[in-house]
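Q: I have a structure I would like to understand better, so I am pasting it below and will then ask my questions one at a time.
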Amino acid sequence: MSLPKKTRVAILISGRGSNMVSVIEAAKAPDYPAEIALVLSNRPDAGGLARAAEAGIPARAIDHTLFASRESFDAALDAALREAGIELVCLAGFMRIFSAGFVEAWAGRMVNIHPSLLPLFRGTHTHEQALQAGVRLHGCTVHYVVPELDAGPIIAQAAVPVLTGDDPDSLADRVIVQEHKLYPKALALVASGQAPLKNGRVDFAAAQGAKGALHSL
Ligand code: GAR
């Protein structure tokens with residue numbers, strides 16, 4: 001029996017690409033519902049570009065500094081995605097805000113991972129924000145991208161305890177381990193059509209177990 005056709009995914013990065021690597025690794029499984037067909041970076045010096053090329057994935061930079069406007073950069077990105085037949089866009093440490101038109105063009109077909117338990121701590125320096133707020137649980141969120149920053153419908157989350165003596169780096173180290181586990185799973189759910197965006201909410205195909213709980217003590 002042949003496997004269903006895999007969803008063609010592009011991963012967009014700006015930096016080292018450790019989440020990208022976790023998704024590329026997961027996508028090697030024959031039954032993974034997505035294939036990573038393209039990696040794009042807005043920064044030519046992003047370390048993740050070489051890591052993607054090593055994995056045999058077409059990878060290139062579209063340098064945002066060479067474009068006169070946000071819209072013209074987004075148009076170049078959009079053209080590259082369409083040319084490669086991309087069906088789903090996966091933001092993995094892509095540190096650039098899109099124009100509303102680009103987000104609307106990819107609505108329901110673009111996901112992001114954010115290093116906090118949204119809706120808490122949007123934007124940058126999320127680990128500092130969590131320590132400042134004194135929360136005892138922190139974590140990461142995979143969500144659909146909407147025009148408002150870090151505000152899209154939530155697909156999946158993972159939580160970690162905040163420990164006495166944590167600093168932003170130790171907390172980031174604990175969260176990124178969970179990012180690497182969560183993102184491949186969440187992407188598989190989306191790529192296989194089990195968590196589509198409908199009327200501004202995620203329409204989950206299957207109920208999840210209710211037993212799991214993470215306590216900070
Ligand atoms: C990750 O922690 C990701 O959640 C975060 O950037 C890091 C990228 O690391 N993304 C954001 O802050 C997006 N607003 P990586 O390049 O090693 O995957």
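Q: Could you tell me which of the residues 20, 1 is at pLDDT below 95 and either at positive phi or not small (Gly, Ala, Ser) (or both)? Please lay out each step first, then the result.
A: Details: 20 fails: at pLDDT below 95.
Of 20, 1, the one residue that is at pLDDT below 95 and either at positive phi or not small (Gly, Ala, Ser) (or both) is 1.
Q: I've got another one for you. Give the residue, chosen from 54, 35, that is at negative phi, charged (D, E, K, R), modelled with pLDDT of 95 or more and within 16 Å of the ligand (Cβ to nearest atom).
A: Result: 54 is the single residue among 54, 35 that is at negative phi, charged (D, E, K, R), modelled with pLDDT of 95 or more and within 16 Å of the ligand (Cβ to nearest atom).
Q: Would you be able to say whether some residue in the stretch 49-65 is surrounded by 21 or more Cβ atoms within 10 Å (Cβ to Cβ) and among the small types (Gly, Ala, Ser)?
A: Yes; the residues of the stretch 49-65 include at least one that is surrounded by 21 or more Cβ atoms within 10 Å (Cβ to Cβ) and among the small types (Gly, Ala, Ser).
Q: Right, something else. Can you pull out the residues in the stretch 105-160 that are of a type in the set (Asp, Glu) and within 23 Å of residue 212 (Cβ to Cβ)?
A: Taking the stretch 105-160 first, the residues of a type in the set (Asp, Glu) are 128, 148, 150.
Matches in the stretch 105-160: none.
Q: Checking the condition out of contact with any strand residue (DSSP E or B) (no Cβ under 8 Å at 6 or more places or on another chain), of a type in the set (A, V, I, L, M) and either modelled with pLDDT of 95 or more or closer than 14 Å to residue 111 by Cα (or both), which residue from 172, 205, 213, 186 passes?
A: Details: 205 fails: either modelled with pLDDT of 95 or more or closer than 14 Å to residue 111 by Cα (or both); 213 fails: either modelled with pLDDT of 95 or more or closer than 14 Å to residue 111 by Cα (or both); 186 fails: out of contact with any strand residue (DSSP E or B) (no Cβ under 8 Å at 6 or more places or on another chain).
Within the list 172, 205, 213, 186, the selection yields 172.
Q: Here's another thing I want to ask about it. For residue 125, are the conditions met, namely being within 16 Å of the ligand (Cβ to nearest atom), in contact with an Asp or Glu (Cβ under 6 Å, 6 or more places away or on another chain) and either basic (Lys, Arg) or modelled with pLDDT of 95 or more (or both)?
A: Values: within 16 Å of the ligand (Cβ to nearest atom): yes; in contact with an Asp or Glu (Cβ under 6 Å, 6 or more places away or on another chain): no; either basic (Lys, Arg) or modelled with pLDDT of 95 or more (or both): yes.
No, not satisfied.
Q: Can you tell me which of 25, 104, 71 is in a helix (DSSP H, G or I), touching a Ser or Thr at 6+ places or on another chain (Cβ under 9 Å) and surrounded by fewer than 17 Cβ atoms within 10 Å (Cβ to Cβ)?
A: Result of the check over 25, 104, 71: 71.
The values are calculated or read from the model by the stated rules, or taken from the named source; none is laboratory data. Computed from a predicted model, the values in this text were never measured in an experiment. Ideal geometry is used to build each Cβ from the backbone, glycine not excepted, and the neighbour counts take in all protein chains shown.
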